[in-house]
Structure formats: structure tokens, C-alpha cells
Amino acid sequence: MDIFKRLSWFFLKEKKSYMLGIFSLVVVALLQLIPPRIIGIVVDEIETDSITSKSLTFWLSILLVSALLQYIFRYIWRMRIWGNAAKLEQTVRKQLYNHFTNMDNQFFQKYRAGDLMAHATNDLRGLRMVAGGGILTMADAISVGLTTLLAMMFVVDWRLTLIAVFPLPLLAITSRVLGRKLHMRFRDAQASFSQLNDKVQESIQGIKVLKTFGQEKEDVEEFKEQTANVVAKNRLVYKIDSLFDPAITLIMGVSYFLTILVGGLLITENEISIGDFVTFINYIGMLVWPMFAIGRLFNIIERGSASYDRIENLLREESSIVERKGSIETPVNGDLEFFIKKFSYPEDEVTTLHDVRFSLKAGHTLGIVGKTGAGKTTILKLLLREYDHYKGDVQYGGHDIRDYTLDALLKHIGYVPQDNYLFSTTIRDNIRFADPSLPQEEVEAAARLADIHDDILNLPNGYDTQVGERGVSLSGGQKQRISIARSIITNPELMILDDSLSAVDAKTEESILSGLKEKRQKQTTIIAAHRISSVMHAEEIIVVEDGTIVERGTHEQLLKLGGWYKDMYRQQQLEQKLEGEDE
């Protein structure tokens, strides 16, 4: 029953609604006592040959009124109890979603998207059943069971009642033993469902790669294994679950046996009438539901408890990115000072960055180049506060970036990542994602600056073209340029392009960079790239190797140094020349 205590914050909040629902349940339980008693009375009247049309009409009228009242109060408790259950599901789903949006990169590296989706769907269903079916079953079992037992004792015979309920304590013992096993097995079943969710999501997102490498059969086999694991785990749940009903049936069978045995003796001794016995048998029939309800209640509780365990584990996770007290709320601006003495990714002993220092004046452009894995993107991640734990200092406008609120910092940084993510909506809405109310003129202006406007007009529906999930209907270059337009439209104080022009040709790259340079004369830009042509016009260029800066200067200065930058520039110039000759 611990799950009810853990959810007390919600039950207290909705106590009036729950009280009305439970009151309606109790009324229904009391009304249900009327038909068996009337049947007993009618049976006695038939036996004594005293029944009349008038008395029969009277008893039938009472039955009809009872049925109508039960209908009304059943409607009330269903609306209240199940309505509150849906409200709990909505509340916790909002908590989870808000929690997801506030978490850092470490959280999403630890939990995969499919697993998080399973928590937000399957586990919430288990929780909803506690607030709906659990409350209903508990209140109904208690109200029906208690009122029925009292009626059996005071309306019929207390001795017969004690005999009938004698086997019932066995039910509590059975439910407790089976409930513990059910909790563990259901938690394992939920975990296996999360793994299956992860598998399906990964396969769907990577379907092009699967088909390209001809791995469809292998992927299907792996899916079958995952599905078989889910089925196997759920079978273990159902093996325990299926033991509840037979145990209850056996216990109730013993109760019926004792009732008939003792009740028959009491009738022969004229202690009770046949009508009383019929009433009592009907009451025992009414006790069957509370007994089954107890088994079902343990089932619901254990499933809900296992689900809430998983949800609470997620909600207990804390982001490593925390706003400091009294954080600066004014937007970032000014010069940028970057000094990282040492940085390692969490749970990684390898030093990713060390002794990285550079300055960037407001309105200037910084270029960052280097081999793959040199540390370029890591520098950008620290600027975006994806990680806060490092030795060093990153200052923007004379303040440590960790002293700003996240809104003051991130809302004024336009970031275009290597992996361009587009939402499954129109091109227009993707470009104006930061402000859906922006007019078409501003959308087109940003698209022209990103050199994507003409491409969009050539699409079947222009700016109303649906891009599909993750922009599946567009080329890599088109996705990059739409992402750049989405960043441009926010007019950020700092724009970061993380190898965001790799999928466009040299002419398009030059057009975009020239347009950005003209428009952003008073704003700061950082360009991380593999192609030297992307950064050669920057006021300063740094070459990163093995997590530190090995060369720095302007394009001309770096060529004179005769190091990695010069070699890479010559190599790329030669490749470009050869490509031109091939054309």
C-alpha cells in the first residue's frame, strides 16, 4: 500500500473529488444490499403462500428505484475516480516532459529516447490504474465487503457469517506472497519493453543505413529476439498474475461449502428460514467481487508501484547545469574570453581539452580548424554550457558564462550543429521555429541570406513543403542551409557554425559567408570547419590538435608558419582544382 502514500500529494490535492466518488461507491454498495433481501422476502412470501399482486408490485418498485439510483451514483463515481486518474497521468506526464527539457547532455546519454518514451507511456498507464482502478477497487472492496458482512450478520445470522468468512484470511496471505513476486517481475517486464522501444526507434531512424548495407534480415532477427524477450518477461508476470483468481475461487469455494453445510443444519433446526438462506447465499455471491477485487488490487498496486519506481528514478536525476543564485538576466554581449586549463567528459579519464585560450572581440569572426576528434566541437559545447565542470574560465562581456541565466545566454546564441535537426513540419515553420508569428518577408530574407530561397521555391509546395521526420525529404545541403536560416532569423549576438557548410559547394559557401559577414558586422561569429575556405576570412583562426591550440593567426600568417594549416590548405586547393578539371 506504500504507493498510495507516495501519491498522497495528488490524493490530497483532489480529495474533494475523490471523497464524492468514494461516497457514491458506498451508496451503490448499500443499494446493492436491497435486491438480495427483497428476493429473500419474496421467497418467504411464496413459501407461506402470502404473496399478492400488490406486495409484488411494491417490491418490484423498490427494485426499480434501487436500480435507477445505482445507475446515477455509478455515473458519479466513474466520472470522479476515473477522471482523477486521467488527471494524475496528465500531471506526471507534464512533470516528466518538463524534467526532460531541463536535463543536460549527460542525462540523454544515460537514457535513450525509446526508454524515455516507455516511461512516459507504459509506466504512466500503470500509475493511472493506481489512481483509478486502485482507488475504485480498494474503496469498492471495502464498502461492498463491509456492508455485505454487516448485512449477513444482522439481517440473517451472525453464526453463519463467521463460518462463511473463516477461510478469508488465507486470501490476505496469498495476495501478499504473490504481490511481492509480481512487483519484481513487472519491473523487469517494463525494462524489457523500454529496450524494445529503443530498438524500434533506432531501426526506424537508421532504416536507410540498414538498407544500404543490406542488414534488414539481421535487424529483423534482432527485433524478434527483443520481442521474444518482452514476451518471456511478461509471461513470468502473467504466471504470477494468473494465480490470483484460482486462489480466490478456491477460498470462496470453501466458504460456499461451509455455508451450505452449516446453513442446511440451521434450516433443519428452524434457526433460519429458506428465504434467509437464499438471501445469505446471494450475499456470499456479492462477496465474490470484493474477494476478487482484493486480488486485483494487489495486482494494480504492484504494477503501479513498479512503474512509479521507474518514473521517480528519472525525476530524481539532476542536471549538472544549474543556474547560480542571483544570475545575470541581461542578454550576453561584448568580448569573449575563453580559457580552459583542463576538461574531461564525465566518467572519462582522458583529457579532452587542455590549455586552450583565445579572445574574440565583439563583431569579429573566429575560425576553428583541425582534424576530426581534435576538440573543435568540445570547445563549442562549453560555450553553450552543455558542461560546466572544467578547470578554467569562460567569460562573455566580462562575466563568467556560468553567472548568466540560461535564457540570457542561450537565447542570444545561434547554434547550427553538424547534425542538422529539422522538425516534421513545413519549411516555413522550421525557419521561424524560434518565433512562429514572424511574417513571410522575414522568413524569405533569412532564406536568401542562407542561399536556400530559390531551392525552396522549386519544391512542390514552396515554403509549405513538409520536410518529413528529421528533414528526410531534403538533401544534406538543403538541411544545412535551412538550419542556418533558422539561426539567422533570431539575429543572435553570437552565431556558431559547427561544420555547417560541409554539404554545400564552394560557390554556395562563399555566398553564404559573404552575406553573413555583411549582415553581422557588429555581431560575433565562430566557425568550426574542416574546409579552410570556410574560415580563411576570419580575423583570427586557431588550429586545434589533441585538445589544445597548436597554431593561431590570420589566414596569411598561418600560411607563413608552414605547419598543418598550410599543408591542409594546399591539399584542399589541389582537390578543388582536380574536381574542376573533372567537370
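Of the set (1) closer than 24 Å to Ser8 by Cα; (2) within 17 Å of the chain's Cα centre (by Cα); (3) surrounded by 16 or more Cβ atoms within 10 Å (Cβ to Cβ); (4) modelled with pLDDT of 85 or more, all apply to Ala85 but (2). When we screen Ala434, Ala445, Ala503 for residues that are in a helix (DSSP H, G or I) and closer than 28 Å to Val535 by Cα, the only hit is Ala445.
Name every residue in the range 449-470 that is without any contact (Cβ under 8 Å) to a residue 40 or more places away in the chain, within 28 Å of Ala529 (Cα to Cα) and part of a helix (DSSP H, G or I), in order of residue number. Scanning the range 449-470 gives His453, Asp454, Asp455, Ile456.
For (1) small (Gly, Ala, Ser); (2) at pLDDT below 85; (3) in contact with a Lys or Arg (Cβ under 7 Å, 6 or more places away or on another chain), each residue gets a yes or a no:
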site	(1), (2), (3)
Asp464	no, no, yes
Gly471	yes, yes, yes
Ser475	yes, yes, no
Arg481	no, no, no
Ile489	no, no, yes
Leu494	no, no, no
Ser511	yes, no, no
Gln521	no, yes, no
Ile526	no, no, no
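Residue by residue through the range 1-17, note down the ones that are hydroxyl-bearing (Ser, Thr, Tyr) and either surrounded by 14 or more Cβ atoms within 10 Å (Cβ to Cβ) or assigned by TED's automatic domain parsing to the domain that holds Thr137 (or both). Once the filter is applied, which keeps residues that are hydroxyl-bearing (Ser, Thr, Tyr) and either surrounded by 14 or more Cβ atoms within 10 Å (Cβ to Cβ) or assigned by TED's automatic domain parsing to the domain that holds Thr137 (or both), the range 1-17 yields only Ser17.
Restricting attention to the range 514-532, the residues being surrounded by fewer than 17 Cβ atoms within 10 Å (Cβ to Cβ) and either without any contact (Cβ under 8 Å) to a residue 40 or more places away in the chain or among the β-branched types (Val, Ile, Thr) (or both) number 2. Please find, among Met117, Met152, the residue that is in a helix (DSSP H, G or I) and either farther than 30 Å from Leu380 by Cα or among the aromatic types (Phe, Trp, Tyr) (or both). Just one listed residue meets the conditions, Met152. Restricting the range 391-429 to residues that are of a type in the set (S, T, N, Q) and closer than 27 Å to Ile321 by Cα, the residue that is farthest from the chain's Cα centre (by Cα) is Gln395. In this structure, Met117 does satisfy being of a type outside the set (S, T, N, Q), closer than 28 Å to Val230 by Cβ and modelled with pLDDT of 80 or more. Scanning the range 312-338 for residues that are closer than 18 Å to Glu386 by Cβ and either surrounded by 15 or more Cβ atoms within 10 Å (Cβ to Cβ) or not β-branched (Val, Ile, Thr) (or both) yields Glu317, Glu318, Ser319, Ser320, Ile321, Glu323, Arg324, Ser327, Val332, Leu336, Phe338. When the residues of the range 436-474 are filtered to those that are under 22 Å from Leu501 (Cβ atoms) and β-branched (Val, Ile, Thr), the one that is surrounded by the most Cβ atoms within 10 Å (Cβ to Cβ) is Ile452.
Selection of first residues in the range 295-321 that are within 17 Å of Ala247 (Cβ to Cβ) and in the same structural domain as Leu170 (by TED's automatic domain parsing) and of second residues that are assigned to a helix (DSSP H, G or I) and aromatic (Phe, Trp, Tyr), restricted to Cβ pairs under 7 Å at least 6 apart or on distinct chains, gives the following pairs, ordered by first then second residue: Gly295/Phe244; Asn299/Phe244; Glu302/Phe186. Does Ser307 qualify as being at pLDDT below 85, closer than 30 Å to Leu383 by Cβ and out of contact with any strand residue (DSSP E or B) (no Cβ under 6 Å at 6 or more places or on another chain)? In short, no. Going through Asp388, Asp429, Asp407 one at a time, which residue ends up being not assigned by TED's automatic domain parsing to the domain that holds Arg486 and not in a loop (DSSP other than H, G, I, E, B)? So the residue among Asp388, Asp429, Asp407 that is not assigned by TED's automatic domain parsing to the domain that holds Arg486 and not in a loop (DSSP other than H, G, I, E, B) is Asp407.
Yes or no, residue by residue, for (1) at pLDDT below 75; (2) among the aliphatic types (A, V, I, L, M); (3) buried (at least 19 other Cβ atoms within 10 Å of the Cβ):
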residue	(1), (2), (3)
Val156	yes, yes, yes
Ser175	yes, no, yes
Val200	no, yes, no
Gln205	yes, no, no
Asn229	no, no, no
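Restricting Ile72, Ile51, Ile46 to residues that are among the aliphatic types (A, V, I, L, M), free of Cβ contacts under 8 Å to residues at least 12 places away in the same chain and within 20 Å of Ala141 (Cα to Cα) narrows the list to Ile72.
The values are calculated or read from the model by the stated rules, or taken from the named source; none is laboratory data. The shown structure was predicted, so the numbers you read here are calculated from the model rather than taken from an experiment. Neighbour counts run over all protein chains shown; Cβ positions are idealised from the backbone, glycine included.
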